[in-house]
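Where a number appears in this text, it was derived from the coordinates with a stated rule and is not lab data. As the structure is a prediction and not an experimental result, all values here were calculated from the model. Heads up, the Cβs are rebuilt from the backbone with ideal geometry, glycines too, and the neighbour counts pull from every protein chain shown.
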């Protein structure tokens, strides 16, 4: 055994160097996670409603337009819950997943976005656009690619439709939902769940928020529970737009209910494809 000690000592330095290099690489890939956002609580106005029946009996003069800014081409089973019984029938055939942003117009308060989708970097620098190095590696390993046509990006479509968003509400902080943030002005407010900007979430998307300073969070622990949907926040205080806590895809995932004459529930990535719903 003693004769093996010199051999072991020979490997100490190379092993130490390898550990240092590997640690440095991981730190570099996840460097966005060390960035902190200065986040203020979202001001929640008094809510006149206490149950969904009452809410839906009073539709509001609010409008919704959904805009596609590109596609993610991915294994349809990649984000399906591993414990789901539908996993057994999943064929692992890659499919196109539309990358969407939703424009909400309130007659008194103006324009708002739900999610931010893709900026024009996905047409200029395919297939990963403005993804972080960590996300590029993740997508490469999982054979995920992005595709976008010229003029399909968020900025071009906002200009074409003359939209001037005051704020963007996020379902969650994943790159295909935040990739359009660089196209939004410095005055835009960015709003997400209080628990959403975890270390890994920041590592994946912090670069999208460079130069942005107006952040607010929604605290569902203080929100009233409205059966059967759970903790819900009346964002404008008039019953027109609701944030509903739907943790699962991420820790503080949010769905949004637009309460116009034909109510629409935007579920984000609670279900990626219709067949998994």
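Counted over the chain with a bin width of 10 Å, the fraction of Cα pairs per bin, in whole percents, is 6, 26, 32, 21, 8, 4, 2, 1, 0. Sorted into 5 angstrom bins from 0, the C-alpha pair distances of region 200-260 split as 4, 15, 21, 23, 16, 13, 7, 1 percent.
Neighbour counts of C-beta atoms inside 10 Å place 249, 177 in the sequence 249, 177, starting with the fewest. Distance between the modelled labels on residue 227 and residue 66, one decimal in nanometres: 3.0 nm (7 Å Cα→Cβ projection). Taking packing as the residue-averaged number of other Cβ atoms within 10 angstrom, the listed peptides 52-64, 199-211, 84-96 run from highest to lowest as 199-211, 52-64, 84-96. DSSP finds beta bridges in the chain, and of those with both partners inside it, around 70 percent are antiparallel. Counting pairs of Cα atoms in region 92-151, how many percent are more than 19 Å apart? For region 92-151, the fraction of Cα-Cα distances above 19 Å is 44 percent. Working from Cα pairs under 8 Å separated by at least six residues, relative contact order for the chain is 22 percent. Here's the picture: a label point sits 7 Å out from the Cα of residue 141 along the beta-carbon direction, and within region 70-111 the residues with their amide nitrogen under 19 Å of it are 73-82. Using R0 = 41 Å, the C-beta based FRET efficiency linking residue 58 and residue 216 works out to 0.95.
Residues 244, 19, 254 in ascending order of nearby Cβ atoms (within 10 Å, fewest first): 19, 244, 254. Spatial offset of region 69-93 relative to region 120-176 amounts to 21 Å, using the alpha carbon center of each. Residue separation of residue 260 and residue 24 scaled by 0.36 nm, minus their Cα-Cα distance, works out to 79.8 nm of gained length. Hey, how many Å between the Cα centroid of region 15-68 and the Cα centroid of region 234-250? With region 15-68 and region 234-250 each reduced to a Cα centre, they are spaced 13 Å. By the count of neighbouring beta-carbon atoms within 10 Å, fewest first, 258, 39, 114 end up ordered 39, 258, 114.
Please give the FRET efficiency for residue 160 paired with residue 37, using the beta carbon to beta carbon distance and R0 = 30 Å, rounded to the nearest 0.05.
It comes to 0.50.
Based on DSSP H segments of at least four residues, each scored -39500 (n - 2.57), the chain has a per-residue ellipticity at 222 nm of -6500 deg cm²/dmol.
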